[in-house]
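What follows is a single structure, written as structure tokens, with notes after it.
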Amino acid sequence: MKQKVVLAGGSGFIGTYFKEKLEELDYEVVFISRRKSAITWDDQAGMTEALENAEMVINLAGKSVNCRYNEKNKHEIMTSRVGTTRLLGDAIKKCTNPPKLWINSSTATIYRHAEDRPMTEANGEYGTGFSVEVAQKWERAFFSFDLQDTRQVALRTSIVLGQDGGVITPYKNLVKFGLGGIQGNGQQMFSWIHVEDLFQICLFLKDRSDLEGAFNCSSPNPIQNYVFMNALRQELHRPYGLPAPRPLLELGATVIRTESELVLKSRWVVPERLLKAGYEFQFPTIRGALADIL
């Protein structure tokens, strides 16, 4: 009989990748999603049945933050994370044989803008603003559940790079159209992770019953924005790219209805707990990751 993994909110870029990899490993994959082809979030009985006897559940639900932070979008961003986490926890509590492991998405954006030092799980300082508020309430909702038979892990994930979707597509387009120079002053730190490492971290944590709590999911080698853009241009054989100073980025963000914070915030995050636990990254450097992706 196949082992079962439940993917909640798994219809996006990361969820699609996870599904393919899990099925390659001969897992039965069950979806909880807003889509009618899956078990929906308002079907509490169906969710509980899906979670029964599952090896693990991975919650990836959350509205994209690539939008303007108006009141409507802010409400949807918050409820799509906090609300679904609470629904999932309530369903797990009703299980007779609950999942052994509950992995819930979180975000490395929980930490402050950092240009002075890296943020670890032990000494990272939380920031301020809407994005940080979302991250804190998200984790608070997750860890509010006292589950005796289900281990809980929150993944503070940095920017995920992969072939089919995610942020790599707009970045590639910038470079191809000659706009792949530095963004802002180019000194802000860019913490990233290859989607394959994110998947392998989930398997690693599944097998390590001694590990729980929050984990930074980021390459051990974060880089500055100008280094990332230069590596991307080289991989795409575009030697030059026009820079985008901060005022232009803020104007452009307004035009395309997103937030300049997504590019300008300095995310300097390192995966101290994973490294100490012995996880070995398959793609520790940006050069290797981009060579594989592109």
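The values are calculated or read from the model by the stated rules, or taken from the named source; none is laboratory data. Quantities reported herein were computed from a predicted structural model and do not represent experimental measurements. Backbone-built Cβ (ideal geometry, glycine too); neighbour counts: all protein chains shown.
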- Are any residues in segment 47-104 among the polar types (S, T, N, Q) and over 18 Å from ASP146 (Cα atoms), and if so, which ones? ASN53, SER64, ASN66, ASN70, ASN73, THR79, SER80
- Examine segment 279-291 for a residue that is exposed (fewer than 14 other Cβ atoms within 10 Å of the Cβ), of a type in the set (Gly, Ala, Ser) and at pLDDT 95 or above, and state whether such a residue exists. yes
- Task: Looking only at segment 242-265, decide whether some residue is in contact with a helix residue (DSSP H, G or I) (Cβ under 8 Å, 6 or more places away or on another chain), of a type in the set (S, T, N, Q) and under 30 Å from ASN70 (Cα atoms).
- Result: yes
- Item | Search result, residues across segment 126-158 that are over 18 Å from the mean Cα position of the chain (by Cα) and over 28 Å from GLU71 (Cβ atoms) | PHE145, ASP146, LEU147, GLN148, ASP149, THR150, ARG151
- Could you tell me whether ARG287 is more than 26 Å from VAL153 (Cβ to Cβ) and not in a helix (DSSP H, G or I)? no
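Is it true that ARG81 is among the basic types (Lys, Arg), within 24 Å of THR157 (Cα to Cα), out of contact with any Asp or Glu (no Cβ under 6 Å at 6 or more places or on another chain) and crowded, with 17+ Cβ neighbours inside 10 Å? First the steps, then the outcome.
On the way: among the basic types (Lys, Arg): yes; within 24 Å of THR157 (Cα to Cα): yes; out of contact with any Asp or Glu (no Cβ under 6 Å at 6 or more places or on another chain): yes; crowded, with 17+ Cβ neighbours inside 10 Å: yes.
Answer is yes for this residue.
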- All conditions in (1) more than 27 Å from VAL57 (Cα to Cα); (2) of a type in the set (Asp, Glu); (3) in contact with a strand residue (DSSP E or B) (Cβ under 7 Å, 6 or more places away or on another chain) are true of GLU235 except (3)
- What residue, of ASP146, ASP90, ASP164, is free of Cβ contacts under 8 Å to residues at least 12 places away in the same chain, loosely packed, with under 14 Cβ neighbours inside 10 Å and acidic (Asp, Glu)? ASP146
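Identify, from the list THR79, THR40, the residue that is more than 19 Å from SER131 (Cα to Cα) and free of Cβ contacts under 8 Å to residues at least 12 places away in the same chain. Before you say what the answer is, go through the steps one by one.
Working: THR79 fails: more than 19 Å from SER131 (Cα to Cα).
Sole residue among the options that is more than 19 Å from SER131 (Cα to Cα) and free of Cβ contacts under 8 Å to residues at least 12 places away in the same chain: THR40.
With outside any strand (DSSP E or B) and either basic (Lys, Arg) or surrounded by 17 or more Cβ atoms within 10 Å (Cβ to Cβ) (or both) as the only criterion, which of ASP197, ASP210 stands out? Give the steps one after another, and end with the answer.
Working: ASP210 fails: either basic (Lys, Arg) or surrounded by 17 or more Cβ atoms within 10 Å (Cβ to Cβ) (or both).
Of the residues listed, the single one that is outside any strand (DSSP E or B) and either basic (Lys, Arg) or surrounded by 17 or more Cβ atoms within 10 Å (Cβ to Cβ) (or both) is ASP197.
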- Filter result for the condition that a residue is in contact (Cβ under 8 Å) with a residue 60 or more places away in the chain and small (Gly, Ala, Ser), over ALA289, ALA231: ALA289
- Message: Suppose the filter is among the charged types (D, E, K, R) and either more than 27 Å from SER11 (Cα to Cα) or surrounded by fewer than 19 Cβ atoms within 10 Å (Cβ to Cβ) (or both); does GLU133 pass it?
- Response: yes
- Message: Please go through segment 7-55 and give me each residue that is in a strand (DSSP E or B) and either touching a Cys at 6+ places or on another chain (Cβ under 6 Å) or surrounded by 15 or more Cβ atoms within 10 Å (Cβ to Cβ) (or both), ordered by number.
- Response: LEU7, ALA8, VAL29, VAL30, PHE31, ILE32, ILE39
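Only one residue in ILE256, ILE223 is modelled with pLDDT under 95 and surrounded by fewer than 20 Cβ atoms within 10 Å (Cβ to Cβ). Which one? Break it down stepwise before answering.
Details: ILE223 fails: modelled with pLDDT under 95.
The unique qualifying residue is ILE256.
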